[in-house]
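Visitor: One structure is given below, represented as structure tokens, and several questions about it will come after.
Throughout, read-outs are computed from the coordinates displayed, never taken from laboratory work. Please read all numbers here as calculations on a predicted model, not as lab measurements. Positions of Cβ are generated from backbone atoms using ideal geometry, with glycine treated the same way; all protein chains shown enter the neighbour counts.
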Amino acid sequence: MNNSHLTYAVALVAAAAAAVAPAASAALTSPDGHLAVSVRVAQGGVTYAISRDGKPVLLPSALGLTLEGADFTQDLVLAGLTAARPVSDKYQLSVGKRRNISYAANEQVYTLRNAQKQTMEVAFRVSNDGVAFRYVVSDPSLPVKKFVSESTSFAFARSAQAWLQPMSVAQTGWKNTNPSYEEHYQMGIPVGTPSPMKSGWVFPALFRTSDGKSETWVALTEANMDGSFHASRLQADSPNGVYRIGGPAEPEVFTGGALLAEANGTLATPWRVLAVGSLATLVNSTLGTDLAAPAAPRAANAPALGQPGHSSWSWALLKDDHTVYDVQKKFIDYAADMHWDYTLIDADWDRKIGYEKVQELAAYAASKNVGVLVWYNSSGAWNGTEYTPKGKLLTREARRTEFARLQNMGVKGVKVDFFAGDGKSMIAYYVDILKDAADYGLLVNFHGATLPRGWARTYPNLMTAEAIRGLEFTTFEQRDQDAVVPHMSMLPFTRNLFDPMDFTPMVFGDIPNIKRATRNGFELAESVLLLSGIQHFAEVPEGMATVPPYVKAFLQELPRSWDDSRFVAGFPGKFAVIARKAGNAWYVAGINSEAGDKTLELDLSFIGKREGVLMTDGAGEREFAQSAIPAGKASKITVRPRGGFVAVFK
């Protein structure tokens, strides 16, 4: 700390202690100078505010924690302030919007002291695409630190709008399987609108502020969940546009486990993350993994992990009765014909097929360069589900025994379903599964699950997670099928913004007892728009047989992971166009969720002067059309209502 900072900090402490004037620090700015965070200590409380180019984005909002035996929400003084310092990081992701990622921010740490002389640190980081902060309590006078509540708030101007997903209530829904982050989004609602469910709103939460001349978007989430802390959400009520951090409900625990965070030594919260800027800034951002912990080095003798890929899957359209040997063998053949990497065998495989016959299927699949994935029921006593295998992952000993058996069978990964929510013990259960699965070379897909919150970086064997009202719901009721059209245009801006998502997309044929609401171009675009380490395609062989050869060839050659991604155009709930790069090729995908034709003037100059091929909707809802795109021009594309397109430039 230089002399000027030291003098200033001492002055602030004296002023706050005397309670004669508020204390504020100089703003911490982003490397490019456009974003700024100011922190203020006044009347014993602490607030922060965010501005962009000098205009307010987040109004003064509360900071603070309450622990058992320590109140860090009132009677606080600023006891220390570090000099702003640059932080940077470089890392690689195989599951995400970009392979090689660079992160740069400026960081400053505030030390706050309460009336009992206990201290807490608040670390802020400001990058060009957002703001992050977290609390750290390491005061030795409090050897056991038990979380009670968090006072963090996010205050928006009353004119702001929000795009939010309600948090389902624990122990509701089918077989008491909620919460599972599986509700429909409320779109463009006034800030301050209460959640229709008392549990609140899930992350990521999207907001738009505007002064009439320019607009700024904010996406709220959290990152760096290591199993030592519970997951959070926004509370149901947000009076005057002030949203507050909320926590899990009592049932959201591993049976007999802890609900809220507790630590011996140091208690550190996850990073509270706010991506801030234009829609393009948010969609291009990687803050959700930038703030996650890096993966631990793997031992030299550790088994190799499988790679991202595409998978066939019978259950999406055919459901329970088709989890039998002959059908799964057919879907292995289907995956091989499509040049896909995996086949997922879903619930009750142990009873309907059996371990020995699944091992036989795994060997058959391996002969065709296809890997087999199998389903597990995570649950113990926390819900009423009966699907099996059940109860085999509840203890470390049982879990590792089961994973060793799968490894010996030649199985490549597991889909684990029906978790209980967001309590500390449940988050630790997720992490334990990921760690143990990695020891046996197994990939992981979580269903009926929480938001991953950056786990794809920390645990590279996490390929995907559901945490969305996915395609399966659209096969149950027509209202969910109809709602999927705007729902899909929400996902690149919210749920799929930072974390892989197992929506299980793409149907070209019929859905039993349902009238499909989307055109074929819309369905095809999902294969590029949606990010998932393993993309489990819902279409069955009979439906795939109806598409033209060029569509089948496209899906056979579709990249398994992306080197880069770029927002092109869009608006939450209305339309979305995103470009993704693999090698030297660019794939541009778009969907139109509105009722009329949408003509888009797309600036694709970043692709260079290359010719492209456009695949989009034909005259009928189940038809395709293909055409050439001239080189070196901004592309004008008309997208049918409920339609979409993919353009490929190689």
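Visitor: Using DSSP to define loop residues, name the trypsin sites (Lys or Arg not before Pro) in the stretch 191-271 whose beta-carbon has at most 10 other beta-carbon atoms within 10 Å. Provide the component values of the computation, followed by the final result.
Guide: Working: sites: Lys198, Arg208, Lys213, Arg233, Arg244; in loops: Lys198, Lys213.
Filter output for the stretch 191-271: Lys213.
Visitor: Something else: Determine the shape class of the stretch 494-650: with a ≥ b ≥ c the square roots of the Cα gyration tensor eigenvalues, call it rounded for a/c under 1.5, and otherwise prolate if a/b is greater than b/c, oblate otherwise. Working shown, then result.
Guide: Numbers: a/c = 1.36, a/b = 1.25, b/c = 1.09.
Rounded.
Visitor: Oh, and also: Under 5 Å between amide H atoms, partner at least 5 residues away or on a different chain: which partners does Ala79 have, H built in plane at 1.01 Å?
Guide: Thr111, Leu112, Arg113
Visitor: So, with +1 on the Cβ of K and R and -1 on the Cβ of D and E, and no other charges, what is the size of the charge dipole of the chain about its Cα centre, to the nearest 20 debye?
Guide: Values: 63 positive and 64 negative charges, 234 e Å.
With Lys and Arg at +1 and Asp and Glu at -1, about 1120 debye.
Visitor: Related question: Loop only by DSSP, 14 or fewer other Cβ within 10 Å of the Cβ. Give me the GluC sites (Glu not before Pro) in the stretch 300-407 that pass, ordered by residue number. Numbers along the way, then the final one.
Guide: Values: sites: Glu356, Glu360, Glu386, Glu397, Glu402; in loops: Glu386.
Filter output for the stretch 300-407: Glu386.
Visitor: Ok, one more. With point charges of +1 on the Cβ of Lys and Arg and -1 on the Cβ of Asp and Glu, referenced to the Cα centre of the stretch 250-346, which listed residue (Leu344, Ala293, His322) lies farthest in the positive direction of the dipole?
Guide: The Cα lying farthest towards the positive end belongs to Ala293.
Visitor: May I pose another question? Taking 27 Å as the cut-off for C-alpha to C-alpha distance, list the pairs among Lys352/Lys412; Lys175/Lys424; Lys55/Lys145; Lys552/Lys636 that go past it. Show your work: numbers first, answer last.
Guide: Values: Lys352/Lys412 20 Å; Lys175/Lys424 22 Å; Lys55/Lys145 38 Å; Lys552/Lys636 25 Å.
With Cα atoms farther than 27 Å apart: Lys55/Lys145.
Visitor: Antiparallel versus total DSSP beta bridges in the stretch 309-560: what percent is that, nearest 5? Before the final figure, lay out each step's value.
Guide: Numbers: 1 of 24 bridges.
So the antiparallel bridges in the stretch 309-560 amount to around 5 percent.
Visitor: In addition: Report ³J(HN,Hα) in whole Hz for each residue of the stretch 448-461, in order, from the Karplus equation J = 6.51 cos²θ - 1.76 cosθ + 1.60 where θ = phi - 60°; Gly and Pro get x.
Guide: Computed from phi, the couplings for the stretch 448-461 are x, 9, 7, 5, x, 6, x, 4, 5, 7, 5, 10, x, 7 Hz.
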